[in-house]
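Visitor: Encoded as structure tokens, here's the structure I'll be asking about.
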Amino acid sequence: MAHLRSIYLDQPYRNTDLSAYFGRMGEDAICAGLHASYAENGIVAKRMRAFAEAAGVRVALEIESRSCWENPKWEYLPQGRR
């Protein structure tokens, strides 16, 4: 079974647009969308969404703050953004 953080929700369960982000990464993506076949096979999308969210699948990008001090182009960065 896949780790729950390696799955994200998007259509038809929830409009997150995560498929636009992770889909562009192809095989390098760190997670995959919950397959639409669950909704197509009679499982109500609302109930599947509630279950998946409660279980902890991704519903948004996780943004992490990082320092730029090791950036090889440090001198080109604006002063206020270092």
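Visitor: Report yes if A2 is in a loop (DSSP other than H, G, I, E, B) and at pLDDT below 90, otherwise no.
Guide: yes
Visitor: In segment 26-46, how many residues are in a loop (DSSP other than H, G, I, E, B) and either β-branched (V, I, T) or within 19 Å of L4 (Cβ to Cβ) (or both)?
Guide: Summing the residues that are in a loop (DSSP other than H, G, I, E, B) and either β-branched (V, I, T) or within 19 Å of L4 (Cβ to Cβ) (or both) in segment 26-46 gives 8.
Visitor: Just one of (1) in contact (Cβ under 8 Å) with a residue 40 or more places away in the chain; (2) surrounded by 12 or more Cβ atoms within 10 Å (Cβ to Cβ) trips up C31, so point out which.
Guide: Every condition holds for C31 apart from (1).
For (1) touching a residue at least 12 places away in the same chain (Cβ under 8 Å); (2) part of a helix (DSSP H, G or I), each residue gets a yes or a no:
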| residue | (1), (2) |
| --- | --- |
| T16 | yes, no |
| M48 | yes, yes |
| F51 | no, yes |
| A54 | no, yes |
| I63 | no, no |
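Visitor: Residues R66, R58: which one is of a type outside the set (S, T, Y) and closer than 13 Å to S6 by Cα?
Guide: Among R66, R58, only R58 is of a type outside the set (S, T, Y) and closer than 13 Å to S6 by Cα.
Visitor: Going by the structure shown, is Y21 surrounded by 10 or more Cβ atoms within 10 Å (Cβ to Cβ), more than 15 Å from the chain's Cα centre (by Cα), not in a loop (DSSP other than H, G, I, E, B) and not aliphatic (A, V, I, L, M)?
Guide: no
Let's see how each residue does on (1) of a type in the set (V, I, T); (2) under 19 Å from the mean Cα position of the chain (by Cα); (3) modelled with pLDDT under 80:
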position: A29; (1), (2), (3): no, yes, no
position: V44; (1), (2), (3): yes, no, no
position: R47; (1), (2), (3): no, no, no
position: A50; (1), (2), (3): no, yes, no
position: V57; (1), (2), (3): yes, yes, no
position: I63; (1), (2), (3): yes, yes, no
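The values are calculated or read from the model by the stated rules, or taken from the named source; none is laboratory data. On a predicted model such as this, the values are computed, not experimentally measured, just so you know. As a convention, Cβ positions derive from the backbone with ideal geometry for all residues, glycine included, and neighbour counts pool all protein chains shown.
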